[in-house]
Structure formats: C-alpha cells, structure tokens
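The values are calculated or read from the model by the stated rules, or taken from the named source; none is laboratory data. Just so it is clear, the structure is predicted and the values come from calculations on it, not from any experiment. Here Cβ is always computed from backbone atoms with ideal geometry, including for glycine, and neighbour counts include all displayed protein chains.
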Amino acid sequence: MRDPADDGAETDFARRMSYGDYLSLGTLLSAQHPLTDAPDELLFIIQHQTSELWMKLMLSELDTARRALADDRPDEAFKMLARVSRIMEQLNSAWDVLRTMTPSDYTTFRDRLGQSSGFQSLQYRLVEYALGNRNAGMMKPHAHDADATRALETELARPSLYQEVLAFADRRGMAVPAALLHTPARTAHAPDAAVQAMWAEVYRDTRAHWTLYEMAEKLVDLEDYFRRWRFNHVTTVERVIGFKRGTGGTAGVDYLKRMLAVELFPELWHVRTAL
Ligand code: HEM
Ligand SMILES: N[C@@H](CC(=O)c1ccccc1NC=O)C(=O)O
C-alpha cells in the first residue's frame with residue numbers, strides 16, 4: 001500500500017489547521033438529531049440544513065448586491081445576482097433527492113415534527129423581505145425570538161433589492177416615482193404604471209439603456225428561478241402529503257399554491273405584454 005506521505009501529503013495535524021478544523025465539521029456534522037429511527041428522517045434534516053446553508057449565502061450575496069447598486073457599481077451587482085440565481089438552481093435540483101421520499105416514508109416521522117414547519121424559516125423570510133415580498137405579519141412566528149425579530153425588523157428598515165434597482169434607474173435619469181424610492185417598503189411592491197413605462201423605455205432602446213436592460217434581465221432570471229423553487233416545493237408537498245393541513249397550521253398545498261401568484265418584480269413581467 002502506498003504511503004500518502006510519499007506523494008508529499010502532510011499527515012501531522014496535531015498543531016496545524018486541518019480541513020475539518022477550517023470547516024468546523026465537528027459542529028456541522030454533529031448537528032443532525034433525528035427524533036425517530038426512520039431512515040428518511042436524516043434525508044429530511046440534511047435537505048433542510050443544506051437549504052439553510054445556501055440561503056445564508058444567498059442573503060450575503062443579496063446584501064453585497066444591494067450595496068454595490070447603492071454605490072453605482074452595477075457590474076458587481078450583476079455578478080452577485082447571477083450567483084443568487086445559480087444558488088436557487090442548486091436548491092431546485094435538490095428537490096429531486098427529497099422526492100425519493102414517499103408518503104409511507106414521511107408518515108413514519110411526520111407526527112414527531114409537531115407544529116414546526118418551513119413557514120418558520122427565518123432565513124427564508126429574510127430572503128423574501130430582501131427581494132421585496134414584504135408582509136410584516138410573517139414576523140409573528142418569530143415574536144418569541146428577540147434576535148430573529150431584530151433581524152427581520154432590520155431588513156424591513158432597508159430598501160429591498162427592487163427599490164435599490166429603481167433608485168439606481170432614477171440616478172440614471174429614468175422617471176421613477178419618488179414615493180417608491182425613499183422609504184423602505186413594509187408591504188409587497190404593488191405594480192406601478194410609471195415603473196412599467198420606465199422599463200418599456202429600457203426594452204425599446206436596449207442600446208441606449210444597456211445597463212438597465214441587463215439589470216432587468218438579471219431580475220427576471222432571479223424571479224424565474226424562485227418561481228421554479230416555489231413550484232417544486234408545492235409539487236413535492238402534494239406528492240408527499242396530498243391536501244393535508246400543514247404542520248405550521250396553514251391549509252398546506254392550497255396555501256402554497258396561492259404563493260405561486262406572488263410577483264416580486266411585477267412590472268418586468270407585465271411590460272412584456274406591452275412590447
Ligand atoms: C416533504 C417535504 C416537505 C413538506 C411536506 C413541506 C410542507 C410544507 C407545508 C404544508 C407548508 C405550508 C406551511 C404549513 O402549514 O406548514 C410549507 C411551507 C414552507 N416550507 Fe415546506 N415542506 C417540505 C419541504 C421543504 C423544504 C425542503 C424546504 C426548504 C427549506 C421547505 C421550506 C418551506 C418554507 C420556506 C415554507 C414557507 C413558504 C411560504 O410561506 O411561502 N419545505 N411546507
Ligand atoms: N409543513 C410540513 C412539515 C415540514 O415540511 C417541515 C417541518 C419541520 C421543519 C421543516 C419542514 N419543512 C418545510 O415546511 C408538513 O406539514 O408536513
């Protein structure tokens with residue numbers, strides 16, 4: 001048997017930082033605590049934990065993108081937004097693993113989940129808020145958690161990604177209603193005719209407005225991937241629990257189907273009809 005040291009591999013990590021040290025794998029890999037012996041429960045836990053890790057990165061990228069936009073560095077924001085779309089694509093592919101869990105597998109441990117549900121995911125709510133799908137009522141499940149409530153309030157006190165984009169367009173000389181720019185929104189952005197007219201101008205003369213045109217397509221891309229996530233979620237849920245009520249207390253599939261109608265950047269979709 002060949003000794004790895006013959007290939008020059010370092011083997012003494014008594015006093016050196018190793019792979020596992022750097023990545024805190026001791027902590028990461030000891031954070032799975034199934035409540036039953038059901039083999040699919042580990043799948044369920046890891047699927048959610050990995051989603052939360054990707055959401056953590058997504059929030060960091062959305063933060064950087066917004067700061068770049070506010071500082072008029074659109075090219076940097078494009079890079080971050082493209083990455084957010086790729087992360088969503090990653091989350092979309094992950095559903096294929098969870099879909100291997102049948103209703104028979106899931107019912108062996110579903111009761112043990114109690115009232116817990118993805119509805120209470122802090123990071124998911126922060127992503128929704130950052131993207132502009134703002135509903136302060138969604139903070140209620142976090143009322144018992146001061147840190148979570150503070151994080152959500154801090155997010156609501158910031159302009160959403162779309163507001164940063166509109167402010168950027170305004171600085172580029174486009175006509176954007178002032179009311180949409182200066183106060184961070186606490187409710188979901190409602191379709192606005194003047195904003196749609198602004199995007200129509202961009203799409204009608206892409207050469208004159210290339211940066212905003214690229215921006216618009218980055219946002220449409222992002223929302224396209226997010227819609228696919230919502231669709232994969234609701235389809236997986238129907239496949240696994242049918243039309244049962246959710247553990248979080250909502251109607252389940254019917255609630256999630258309503259969420260499919262959410263439009264993050266409505267004018268960018270509506271403008272297409274007008275082009
Ligand atoms: C078999 C797997 C799954 C089932 C049966 C399921 C079921 C549900 C149901 C019924 C809801 C509605 C809220 C409720 O009343 O509970 C919900 C919400 C939610 N789930 Fe899942 N889910 C599954 C997997 C996942 C995964 C892998 C994630 C990834 C993090 C996730 C994230 C969420 C989020 C963020 C919400 C809130 C959505 C919103 O408010 O728009 N779920 N889920
Ligand atoms: N709402 C799900 C339970 C569920 O999926 C879940 C439970 C605990 C932690 C994360 C979950 N995932 C998404 O909602 C259900 O009704 O079966």
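Has region 8-27 got any residue that is surrounded by 11 or more Cβ atoms within 10 Å (Cβ to Cβ), closer than 25 Å to GLY114 by Cα and acidic (Asp, Glu)? Before you say what the answer is, go through the steps one by one.
The first filter runs over region 8-27 and keeps only residues surrounded by 11 or more Cβ atoms within 10 Å (Cβ to Cβ), leaving 13, 18, 20-21, 23, 25.
Now narrow it down to the ones that are closer than 25 Å to GLY114 by Cα: none.
There is no residue in region 8-27 that is surrounded by 11 or more Cβ atoms within 10 Å (Cβ to Cβ), closer than 25 Å to GLY114 by Cα and acidic (Asp, Glu).
Would you please list the contacts, defined by Cβ atoms under 7 Å and residues six or more apart or on different chains, that run from a residue in region 107-120 that is within 24 Å of MET138 (Cα to Cα) and in contact (Cβ under 8 Å) with a residue 24 or more places away in the chain to a residue that is more than 9 Å from ligand 1 (Cβ to nearest atom) and charged (D, E, K, R)?
Nothing qualifies.
Scan region 104-112 and give yes if some residue there is within 11 Å of ligand 1 (Cβ to nearest atom), of a type in the set (Val, Ile, Thr) and over 23 Å from LEU219 (Cβ atoms), otherwise no.
yes
Assess whether TYR124 counts as being within 12 Å of ligand 2 (Cβ to nearest atom), at pLDDT 95 or above and under 27 Å from ALA261 (Cα atoms).
Details: within 12 Å of ligand 2 (Cβ to nearest atom): yes; at pLDDT 95 or above: yes; under 27 Å from ALA261 (Cα atoms): yes.
Yes.
For region 144-153, which residues satisfy the criterion of being part of a helix (DSSP H, G or I) and over 17 Å from the mean Cα position of the chain (by Cα)? Break it down into steps so the answer makes sense when it comes.
Of the residues in region 144-153, the ones part of a helix (DSSP H, G or I) are 146-153.
Across region 144-153, the qualifying residues are ALA146, ASP147, THR149, ARG150, GLU153.
On the basis of being within 30 Å of GLU76 (Cβ to Cβ), away from ligand 2 (no atom under 16 Å from the Cβ) and in contact with an Asp or Glu (Cβ under 8 Å, 6 or more places away or on another chain), does ARG171 make the cut?
Yes; evaluated as a whole, the condition is true for this residue.
Need at least 2 residues that are within 16 Å of ligand 1 (Cβ to nearest atom) and in contact (Cβ under 8 Å) with a residue 24 or more places away in the chain per element, so show me which helices (runs of 4 or more DSSP H) inside region 175-268 make the cut, counting only ones lying wholly within it. Let's see the steps before the verdict.
On the way: elements: 193-204, 210-241, 253-259.
Passing ranges, in order: 210-241, 253-259.
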